[in-house]
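Take a look at the structure set out below.
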Amino acid sequence: MTTWKQLLNDTNQLKKPNSAKQLVSKNDIEELQPLLIDVLNGFLAKEDIHIGLKIYINHQLRNDYIEKLVTNPPRKGTPLEDWSKEIFGDQKFGMILIGLEQYSNAFAEKAATIVKPLLENAGMPLNGLSFLFFMGNYGFTPFGIHKEATGEEGILFHLGPGTKQFYTWDDPKYNNIEHNTEVFHNVLDMIPDAEEYELQPGDAMFIPHYVYHIANTSEFSSSFVLDYINPPKDSFENQLLAETAGDALVHHTTYQKPIQLNAPKDALTHILDFDSIQQKLQTSFNRKMQRLQSNGGIKRKSRSINTFIPQSENYVLKGKKIFPLYLEQQDANQVLIFARGHQITKRNHPNLPDLIARFNNEETFTLTQLRTILEPTWDLIDVFGFIQDLLKTEAVVVDLIPENV
């Protein structure tokens, strides 16, 4: 059994490909199967079902099958292999779905729990984590020998039940090829020069973004892949500038004066307050990191669910250590709460820092206790609004207290 620290050591701190034995436990595999069904049903319930999913039959792209999935979605309790036979029969098929975390909060929570040791040992990638999955008996990856996007390091978790062969070409003549410029389909010709890994259920495979690779899945299996996203520096700077503009941060209320037509080229240095710009960038960066950290590192925020506060007051709320809450005081009257990637604006309250710290320690609170902590500074509507926001983002657990307790 490979530990996360050992994987980091074997991959030279995520710089070279390598496999890991039994990185995912049998219990994790059993728990993930129904969660993948939850993911598929979440995807099939959305409107734009042709975005994010690809289906291959005998290596040919066949997205006309997606409509068949909509009319016959996977059922809880039915193994994915049995369901796929209902859809595809005995054909060789492959399904690839990206952005799993946006279709199931429960899957996102399980995935975040599995990869938490990676973040603790390797750090948080600045663009967070995302997940995709492969399912089928399609043989070699339909789109050929390829690289991931620039900066997207991948860890494939093989769930089985069949085995998977994985091939990598960690060679300067391939590594130096610019991303997205070339894909190879002469697989059998190139395999003799590849490094081969055999993955059993529970094994994982790390692939750096610059290394060409392909997998062979001859028997029905499923795998999910973690994208550990380190953005190119220029791209990240542009993203942060856009987020800074979106935050509409205000440091100055005076107006700029007109500029002379013959102003020197360096006039910008006299017009802009670069200290102010840096402060705005720092604020946007801090918020981005707190959104990620509140969501276990996952890039996409949790799905907002339709939920209601229990009518009975016999319930308790408890935080989740995997998804800690964060607080930023904007001014004397307003705060931001970061919950599972969401940025929630609330009226300021002097007891919020302590309350959030206690939620993060997984303390439980009844409605009566919350009202004692938050009233009268907040009225009952404020208290219920706070609870509702935590519930609809699934940042906390709600448990009913038996009537006879």
Can you tell me which residue among GLU243, GLU219 is of a type in the set (D, E, K, R), in contact with a helix residue (DSSP H, G or I) (Cβ under 6 Å, 6 or more places away or on another chain) and either open to solvent by 20 Å² or more (accessible area, probe 1.4 Å) or assigned to a strand (DSSP E or B) (or both)?
-> GLU243
Just to be sure, is HIS179 more than 18 Å from ILE96 (Cβ to Cβ), open to solvent by less than 60 Å² (accessible area, probe 1.4 Å) and either among the polar types (S, T, N, Q) or not in a helix (DSSP H, G or I) (or both)?
-> yes
Restricting attention to segment 245-254, does a residue exist that is out of contact with any Lys or Arg (no Cβ under 7 Å at 6 or more places or on another chain) and touching a residue at least 60 places away in the same chain (Cβ under 8 Å)?
-> no
Name the pairs: first residue in segment 78-106 and on the phi > 0 side of the Ramachandran plot, second residue of a type in the set (A, V, I, L, M, F, W, C) and open to solvent by 10 Å² or more (accessible area, probe 1.4 Å), Cβ to Cβ under 9 Å, at least 6 apart or on different chains?
-> GLY99/LEU132
Within segment 264-288, the residues that are modelled with pLDDT under 80, open to solvent by less than 60 Å² (accessible area, probe 1.4 Å) and among the basic types (Lys, Arg) are none
Pairing a residue in segment 264-283 that is within 10 Å of THR244 (Cα to Cα) with any residue that is part of a helix (DSSP H, G or I) and of a type in the set (Ser, Thr, Tyr), where Cβ atoms lie under 9 Å and the two sit 6 or more apart in sequence or on different chains, gives ILE277/THR244; LYS280/THR244; LEU281/THR244; THR283/THR244
When ALA111 is run through (1) touching a Gly at 6+ places or on another chain (Cβ under 7 Å); (2) outside any strand (DSSP E or B), the failure sits at (1)
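This table checks each residue for (1) at negative phi; (2) surrounded by fewer than 16 Cβ atoms within 10 Å (Cβ to Cβ); (3) modelled with pLDDT of 95 or more; (4) of a type in the set (Lys, Arg).
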position: ASP10; (1), (2), (3), (4): yes, yes, yes, no
position: PRO17; (1), (2), (3), (4): yes, no, yes, no
position: ALA20; (1), (2), (3), (4): yes, no, yes, no
position: LEU36; (1), (2), (3), (4): yes, no, yes, no
position: ALA45; (1), (2), (3), (4): yes, yes, no, no
position: LEU53; (1), (2), (3), (4): yes, no, no, no
position: LEU69; (1), (2), (3), (4): yes, no, no, no
Taking into account only those residues within segment 133-176 that are free of Cβ contacts under 8 Å to residues at least 60 places away in the same chain, assigned to a loop (DSSP other than H, G, I, E, B) and not aromatic (Phe, Trp, Tyr), which is most open to solvent (accessible area, probe 1.4 Å)?
-> ASN176
Tally the residues that are touching a helix residue (DSSP H, G or I) at 6+ places or on another chain (Cβ under 7 Å), within 13 Å of GLY385 (Cβ to Cβ) and open to solvent by 40 Å² or more (accessible area, probe 1.4 Å), restricting the search to segment 335-358.
-> 1
For segment 90-121, enumerate the residues that are within 16 Å of THR3 (Cα to Cα) and touching a Phe, Trp or Tyr at 6+ places or on another chain (Cβ under 7 Å).
-> PRO117, LEU118, ASN121
Picking from SER104, SER130, the residue that is open to solvent by less than 10 Å² (accessible area, probe 1.4 Å) and of a type in the set (S, T, N, Q) would be SER104
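The values are calculated or read from the model by the stated rules, or taken from the named source; none is laboratory data. Just so it is clear, the model here is predicted, and its values are computed rather than measured. As a convention, Cβ positions derive from the backbone with ideal geometry for all residues, glycine included, and neighbour counts pool all protein chains shown. With ligands, DNA and RNA removed, areas are computed over all heavy atoms of the protein, side chains included. Shrake-Rupley method; radii C 1.70, N 1.55, O 1.52, S 1.80 Å.
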